[in-house]
Each structure stands twice: as C-alpha cells, then as structure tokens.
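Participant: Got a structure for you, written out below as structure tokens; questions coming shortly.
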Amino acid sequence: MKFIQATTQEHFKIIQEFINPYEFSCAGFCAVLRKNSEPVYIISNSSQINCLLDVAGVFSFKHSIFHCLPHINLLDEEFQNQFMDFFKDKKITSIIGERSGTEFILNLLQKIGFICQQQVFYKLMILKKSPNPAPEILYNDDEIRRCQIDNLEELHQLQKEYMETEIAPVGRHITDLETKANLKQILKNQLCFALYSNDEAVAKINTNAIGFNWIQIGGVFTHPMYRHNYYAWHLIHLICTRIQKTKRNPCLFVKEKNTGAYELYKKIGFEETGKFEICYFS
C-alpha cells in the first residue's frame, strides 16, 4: 500500500467518484475536497493513480483526520505499519468519520503513543424524502430568520452553549473567543437560521459541511427555557427544505445517548443508516 497525495484535477475527480457511494457518512471529508483546504491522500496498491480501481481508500489530514476506508483490509500488517509510520511524528487533534474506520485509526495511533482524551459515539441519519412539518405552527411573535455576520452577537450565547454541550470534550471550557471564531466561520460559509421569539434569538441551526450530493446539518440548539415548543422541528424542516432545493440530501449525526433528538429526527423523516465517531486527542 502507498499513500499518494492528491495534486491534480484528475486525482480529485477520481477521489470524488470513489467517495460518492459513501458521501453521507463523510460529508466533512467531502467539504474538505470541495474547498481543497487540506492535504488529501489516496491509499493505493499502485504507484500511479489513473482510474477508480487504483483507489482503496482516502483520507485528509491537517490537524484532524477525515477518512473513507471502505476497501481497506484493516488486518493487513504492512498497511498498519505504513499508517503508523506516516502519523508517528504528526500533531493530531481528532479523528472524524464512520466508526469502523475511526476505531481502526485510533487503535494504530494508540500503539505509537497517542493518547485519546475522549471518544464520542453517534448515529448517522439521512433524509431522502420531504421533511414532515411540525405539528404546531409558530406563535404570532415567533419568526425564523436567515442569519449573516451581522447576527454574530445575537447568536453568541446560543452557539457557546451548543459548543459546550455538544462539541467540547468533557471538562473543557469553551471561551468567548473560540465561540466567536467558530460562529464567524459558520455565518461566512454555511447556511444558518435562528428562531426569534419577541425579537430574541432562542433557537438556532446551521449546516456544517457542504458536500457534492449531501449537506450535513449541525448546530441544533434551543435555549432550555424555550424547549417543547417545536422550535427545533421548525428549524430542521426549513433547513432540510432549503437543502433539497439545491438537489442535495440532508444528513446528520446525533449522539447515541441523545434519545430525545434521535426521536425528533425520526419524526421529521430521518432514518438511521450507520455509526459515526469522533476521537479527541490531548
């Protein structure tokens, strides 16, 4: 097995063709491909990449590892040794992707001294039909607005609470500076909507990865005082409808222990389609 960095348009065309059947499980990786924002590597038995048959797996790496390894023999000792040798002197913050591939990479990294701070397990869900509407309409003083950079301060506290409860490793405090930087990127590069009640932002949603055929939803958060009003349902319905207008499909991952969110997504029309995992490193 060889790791070949993608450098040509033909390389990226072949990678996109390779990843197409699995895109719903690696939308973050596809977003990297679309933006060409990080080094991308092809795993191959060949010294040259000329066609789809030359590709066994792909991954990107800058600080986080995104991966798609459907045709890799994970028991191949030679491949394992090459993988460990490639990453032995790297700085890694996380592994993000389908669970079996993430577990494989984690096991190899631990063998060469990397320490995993936290593993978070998710269910992958996809929506291929029109989303079911919320069972109640919004109240007269409630409205959903598309958010731009001008809404940064209004969304700051909601985003901070979302990051602390859904993203940050256990025990890690999210700073205002981190929140602002993260939210700026979302408002600049993603779809973002907020539900306002009495002119106050009380719930939000955004996309967090725009792929070729799938768009990943994230950032779903409602202020605790405003829950049980179907606000999240209204936001999810709207963003799914917008995504489907682009001829793409919505996907997301939800924490395995978050049964409330899981049941909500099912009521809206999402179906479970696999397992997902994020590993954070100290």
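The values are calculated or read from the model by the stated rules, or taken from the named source; none is laboratory data. Note that this is a predicted model, so its numbers are computed, not measured. Neighbour counts are summed over all protein chains in view; Cβ atoms, including those assigned to glycine, are modelled from backbone coordinates with ideal geometry. When the accessible area is computed, the model is the full protein with side chains, heavy atoms only, and any ligands, DNA or RNA have been set aside. Shrake-Rupley method; radii C 1.70, N 1.55, O 1.52, S 1.80 Å.
Participant: Suppose we filter region 146-155 for residues that are in a loop (DSSP other than H, G, I, E, B) and open to solvent by less than 40 Å² (accessible area, probe 1.4 Å); how many remain?
Facilitator: Going through region 146-155 one residue at a time, the tally reaches 1.
Participant: Here is a further query. Looking at Ser60, Ser64, Ser37, Ser100, can you tell me which residue is surrounded by 22 or more Cβ atoms within 10 Å (Cβ to Cβ) and either within 21 Å of the chain's Cα centre (by Cα) or not small (Gly, Ala, Ser) (or both)?
Facilitator: Ser60
Participant: Residues that are within 24 Å of the chain's Cα centre (by Cα), under 29 Å from Met125 (Cβ atoms), surrounded by 14 or more Cβ atoms within 10 Å (Cβ to Cβ) and touching a residue at least 40 places away in the same chain (Cβ under 8 Å): does region 76-92 have at least one?
Facilitator: Yes.
Participant: For region 199-213, which positions are within 18 Å of Ser37 (Cβ to Cβ) and open to solvent by 20 Å² or more (accessible area, probe 1.4 Å)?
Facilitator: Asn208, Ile210, Phe212
Participant: Can we say Leu106 is open to solvent by less than 40 Å² (accessible area, probe 1.4 Å) and either without any contact (Cβ under 8 Å) to a residue 12 or more places away in the chain or not polar (S, T, N, Q) (or both)?
Facilitator: Taking the combined requirement at face value, the residue satisfies it.
Participant: Just wondering, is there one or more residues in region 235-243 that are touching a Pro at 6+ places or on another chain (Cβ under 6 Å), open to solvent by less than 50 Å² (accessible area, probe 1.4 Å) and in contact (Cβ under 8 Å) with a residue 24 or more places away in the chain?
Facilitator: Of the residues in region 235-243, the ones touching a Pro at 6+ places or on another chain (Cβ under 6 Å) are 237, 240, 243.
With open to solvent by less than 50 Å² (accessible area, probe 1.4 Å) added as a condition, the list becomes 240, 243.
Filter once more, keeping what is in contact (Cβ under 8 Å) with a residue 24 or more places away in the chain: 240, 243.
Scanning region 235-243 turns up at least one residue that is touching a Pro at 6+ places or on another chain (Cβ under 6 Å), open to solvent by less than 50 Å² (accessible area, probe 1.4 Å) and in contact (Cβ under 8 Å) with a residue 24 or more places away in the chain.
Participant: Is it the case that some residue within region 114-125 is more than 20 Å from Tyr280 (Cβ to Cβ), in contact with a helix residue (DSSP H, G or I) (Cβ under 6 Å, 6 or more places away or on another chain) and surrounded by 15 or more Cβ atoms within 10 Å (Cβ to Cβ)? Break it down stepwise before answering.
Facilitator: Initial filter on region 114-125 (more than 20 Å from Tyr280 (Cβ to Cβ)): 125.
Narrowing the set further to residues that are in contact with a helix residue (DSSP H, G or I) (Cβ under 6 Å, 6 or more places away or on another chain) leaves 125.
Of the ones still in play, those that are also surrounded by 15 or more Cβ atoms within 10 Å (Cβ to Cβ) are 125.
The answer is yes; a qualifying residue exists.
Participant: Any idea which of Tyr230, Tyr280 is in contact (Cβ under 8 Å) with a residue 24 or more places away in the chain, closer than 23 Å to Ser130 by Cβ and surrounded by 15 or more Cβ atoms within 10 Å (Cβ to Cβ)? Step through it out loud before you land on a result.
Facilitator: Working: Tyr280 fails: closer than 23 Å to Ser130 by Cβ.
Unique residue meeting the criteria: Tyr230.
Participant: While we're here: Just give me the residues in region 40-57 being at pLDDT below 90 and open to solvent by less than 50 Å² (accessible area, probe 1.4 Å), in sequence order.
Facilitator: Across region 40-57, the qualifying residue is only Ser46.
Participant: Looking only at region 172-198, count how many residues are of a type outside the set (A, V, I, L, M), within 20 Å of Cys240 (Cα to Cα) and open to solvent by 20 Å² or more (accessible area, probe 1.4 Å).
Facilitator: The total comes to 3.
Participant: Please verify whether region 5-19 includes one or more residues that are at pLDDT 95 or above, under 22 Å from the mean Cα position of the chain (by Cα) and in a strand (DSSP E or B).
Facilitator: no
Participant: Okay, moving on. How many residues does region 200-242 contain that are at positive phi and at pLDDT 95 or above?
Facilitator: Residues in region 200-242 being at positive phi and at pLDDT 95 or above: 2 in total.
Participant: Answer yes if at least one residue in region 157-171 is open to solvent by 90 Å² or more (accessible area, probe 1.4 Å) and not in a loop (DSSP other than H, G, I, E, B), and no otherwise. Spell out the reasoning first.
Facilitator: Step one: filter region 157-171 for residues open to solvent by 90 Å² or more (accessible area, probe 1.4 Å), giving 157, 170.
Next, only the ones that are not in a loop (DSSP other than H, G, I, E, B) stay: 157.
Within region 157-171, one or more residues are open to solvent by 90 Å² or more (accessible area, probe 1.4 Å) and not in a loop (DSSP other than H, G, I, E, B).
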